[in-house]
2 protein chains.
Amino acid sequence: MVPPISVRLKLKKINKFMSTTIIDGKEVACKIREKLAEEIAELKALGKTPGLAVVLVGEDPASQVYVGSKVRACEELGLYSQKWELPADTTQEQLVELIHQLNADERIHGILVQSPPPAHIDEEAVILNIDPRKDVDGFHPANVAKLVLEDEEGFVPCTPLGCMELLKAYGISTAGKHAVVIGRSMIVGKPMANLLVSKKANATVTIAHSRTADLPGLCRTADIIVAAVGRPEMVNADYVKEGAVVLDVGINRIADSSRPRGYRIVGDVDYEAVKDKCSAITPVPGGVGPMTIAMLMANTVKACRQLTR
Amino acid sequence: MVPPISVRLKLKKINKFMSTTIIDGKEVACKIREKLAEEIAELKALGKTPGLAVVLVGEDPASQVYVGSKVRACEELGLYSQKWELPADTTQEQLVELIHQLNADERIHGILVQSPPPAHIDEEAVILNIDPRKDVDGFHPANVAKLVLEDEEGFVPCTPLGCMELLKAYGISTAGKHAVVIGRSMIVGKPMANLLVSKKANATVTIAHSRTADLPGLCRTADIIVAAVGRPEMVNADYVKEGAVVLDVGINRIADSSRPRGYRIVGDVDYEAVKDKCSAITPVPGGVGPMTIAMLMANTVKACRQLTR
């Protein structure tokens with residue numbers, strides 16, 4: 001039965017003030033890790049222990065933190081791991097030699113070179129030397145192509161893969177939806193667009209970027225917004241249509257004298273300004289971020305399965 | 001000086017009835033061929049003759065016509081060419097053996113296996129055997145990745161490359177424009193989207209497909225529409241906003257008893273219905289079609305340059 005207008009308006013109002021779903025990346029990542037721990041235990045029972053090698057060149061403090069988290073995640077899940085910390089003056093040849101050694105190491109199924117390396121290292125050339133079957137970051141051209149070709153044996157970069165898992169975990173369907181991806185990087189924007197447009201996801205996908213005209217207007221046509229642009233709190237209420245889903249990939253430091261460290265971390269989305277308009281949104285931190293390492297672990301397990309079958 | 005309103009309205013009206021630019025693919029292709037002929041003459045003077053091998057398996061009449069046109073284009077431009085016509089019962093192994101032979105043949109810089117091969121041939125596996133540096137169709141994963149990575153040494157599939165050249169020839173800028181690509185195939189839709197979103201073209205790109213909701217409404221937001229969906233005359237006046245540019249990649253046969261052959265060729269766009277709304281449009285035939293072979297020749301010359309430098 002259709003309610004009388006007054007009630008309908010009231011219902012609308014109530015809906016408007018109903019709480020937005022806050023997508024909890026920590027919780028989803030935790031559940032995925034639990035599942036992975038079971039899979040790893042099964043693989044180990046078959047004498048197969050997935051192994052990840054993480055390579056860091058130089059002493060960048062942020063990179064050291066990331067590498068530390070990755071190795072710790074391996075240990076927690078029972079994965080075999082190797083942490084290679086090379087001095088900042090490591091040559092291209094020395095790094096490539098290590099990659100070849102890791103390609104040949106049967107204990108290692110995933111190889112990751114922490115980005116960015118020092119300026120004298122040609123990162124692209126290094127990646128070309130990683131065996132694509134061990135390229136758990138999904139940056140090797142062979143894996144870039146596999147994603148476009150929708151070949152599921154390939155490896156997809158961890159951040160966009162994590163975004164897809166978040167949507168799945170919250171039962172947010174993408175088929176027939178209009179997704180706007182802001183950003184066209186090789187690490188997030190382009191792979192994200194490819195995942196969303198694939199026959200598995202069936203979204204209609206727009207890739208927007210710094211040169212897009214009327215970005216707010218475009219974003220207001222989106223059912224799903226993925227912000228991966230690296231500009232603090234750029235996506236404000238003007239960008240978001242009522243009921244949209246917003247995934248915030250940004251991790252930006254902004255000065256904040258009230259914090260002990262003198263800064264705080266914000267996303268590409270002005271969370272407070274848009275959250276009441278969204279049907280679902282990822283916070284920063286605690287949204288997409290925690291998924292990245294979980295996906296790295298998942299890719300390593302996948303690599304182990306594919307290499308040992 | 002700003003004219004008074006009445007005049008402005010009048011101007012608008014006049015503009016509305018001014019003729020649409022009919023994008024003449026034959027003329028553009030002809031100019032490109034002339035330029036290529038000069039380049040080929042220069043290369044030949046250096047002792048380098050670009051060479052293309054075209055491989056046809058089976059007796060599909062349409063494929064025979066296509067292969068014939070490609071070889072004829074080579075002859076007209078002074079390219080060296082080989083035409084391989086293999087029986088329909090050629091095995092996968094025999095075909096791959098020929099590919100390897102062509103990879104090693106120094107006279108050959110471009111290799112093309114006419115699609116579709118007979119059903120018993122695994123086309124994807126055949127393509128994987130083509131030396132990516134000779135993959136002038138741009139279908140090898142190495143070239144798929146190069147397009148995504150915006151590496152200009154790669155080869156781009158001829159049809160989307162031809163579309164970009166048409167826009168260039170008519171001075172139609174893509175930067176900041178909203179382009180809607182209808183179709184997500186590996187041969188047209190996906191490479192077209194990648195070309196348009198690249199830092200060279202800077203368009204905001206939407207990839208639409210069979211599962212897109214309200215396709216006409218979406219297309220009406222487009223400054224540039226690329227129709228590559230394979231549905232005769234699907235894009236009608238309802239899809240096109242005033243002043244849009246429409247590129248029609250479709251080549252569909254529809255029954256027509258008034259024609260001697262009993263059919264006529266139409267595009268994916270209802271040309272008569274939309275042409276007065278467009279600022280520019282490609283007809284079918286005579287639009288995108290003639291560009292394809294010209295781009296194949298251009299890719300072969302590029303392959304020769306890159307292999308002999």
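Quick notes
- Near the amide H of residue B:81, within less than 5 Å, lie the amide hydrogens of B:52, all on another chain or at least 5 residues away, with H placed in the peptide plane.
- In Å², nearest 10: area of residue B:91 left accessible to a 1.4 Å probe: 50
- Rolling a 1.4 angstrom probe over the protein heavy atoms with all chains in place gives the stretch B:100-149 an accessible area of 43 Å² per residue.
- Peptide B:149-160 shows a mean partner chain C-beta count of 1 within 10 Å per residue C-beta.
- To the nearest 10, the accessible area of residue B:163 is 0 Å² with a 1.4 Å probe.
- Convex hull per residue volume in Å³, alpha carbons only, for the stretch A:156-291: 106
- Within chain A, percent of DSSP bridges classed antiparallel, to nearest 5: 10
- Amide H contacts of residue A:57 (H built 1.01 Å from N, in plane; Pro and chain starts excluded): A:86, A:114 sit under 5 Å, all sequence-distant by 5 or more or on other chains.
- In the stretch A:164-191, the residues whose accessible area drops by at least 30 square angstrom when the other protein chains are added to the isolated chain are A:176, A:184, A:186, A:190; the probe is 1.4 Å and only protein heavy atoms count.
- For the protein assembly as shown, the dipole from Cβ point charges (+1 on Lys and Arg, -1 on Asp and Glu) about the Cα centre works out to 2600 debye, to the nearest 20.
- Area of residue B:77 that stays accessible when all protein chains are in place (1.4 Å probe, Å², to 10): 20
- Peptide A:140-148 is shielded by partner chain Cβ atoms: per residue, an average of 6 of them sit within 10 Å of its Cβ.
- At 7 Å out from Cα toward Cβ: residue B:150 inter-copy label distances (nm, ascending): 2.7
- 18 Å Cα-Cα threshold exceeded, pairs from B:26/B:168; B:168/B:277; A:168/A:200: B:168/B:277
- Over the protein assembly as shown, all Cα pairs binned in 10 Å intervals from 0 give whole-percent P(r) values of 3, 14, 22, 24, 19, 12, 4, 1, 0, listed from short to long.
- Only aspartates and glutamates eight or more places from residue B:146 in sequence, or on another chain, were considered; those with a Cα closer than 13 Å are A:124, B:135.
- Coordinate range along principal axes, alpha carbons of chain B, Å, largest first: 71, 46, 37
- In sequence order, the stretch B:187-198 has phi-based couplings of 8, 10, x, 5, x, 4, 4, 5, 4, 5, 8, 5 Hz under the Karplus curve 6.51 cos²θ - 1.76 cosθ + 1.60, θ = phi - 60°, and Gly or Pro positions carry x.
- Converting phi to 3J(HN,Hα) with the Karplus coefficients 6.51, -1.76 and 1.60 and the offset θ = phi - 60°, the stretch B:97-111 yields 4, 4, 4, 4, 4, 6, 4, 8, 7, 6, 7, 9, 10, x, 10 Hz in sequence order, with x at every glycine or proline.
- Accessible area, probe 1.4 Å, largest first, for residues A:20, A:221: A:221, A:20
- Estimated FRET transfer efficiency when R0 is 22 angstrom, pair residue B:65-residue B:34 (beta carbons, to 0.05): 0.35
- Shape call, the stretch A:130-173: gyration tensor on alpha carbons, a/c limit 1.5: prolate
- 0 to 90° range, to nearest 10: angle between helix B:61-77 axis and chain B longest Cα axis: 90
- Shown is the FRET efficiency for residue B:92 and residue A:106, computed with R0 = 30 Å from the Cβ-Cβ distance and rounded to the nearest 0.05: 0.45.
- The stretch A:25-30 - phi-based ³J(HN,Hα) in whole Hz, Karplus 6.51/-1.76/1.60, Gly and Pro as x: x, 4, 5, 5, 4, 5
- Helix axis angle, B:158-169 relative to chain B longest principal axis, alpha carbon, degrees: 50
The values are calculated or read from the model by the stated rules, or taken from the named source; none is laboratory data. Predicted, not measured: the structure shown is a model, and the values here were computed from it. Cβ: placed from backbone, ideal geometry, glycine included. Neighbour counts: every protein chain shown. We work out accessible area using only protein heavy atoms, side chains counted, and drop any ligands, DNA or RNA first. Shrake-Rupley method; radii C 1.70, N 1.55, O 1.52, S 1.80 Å.
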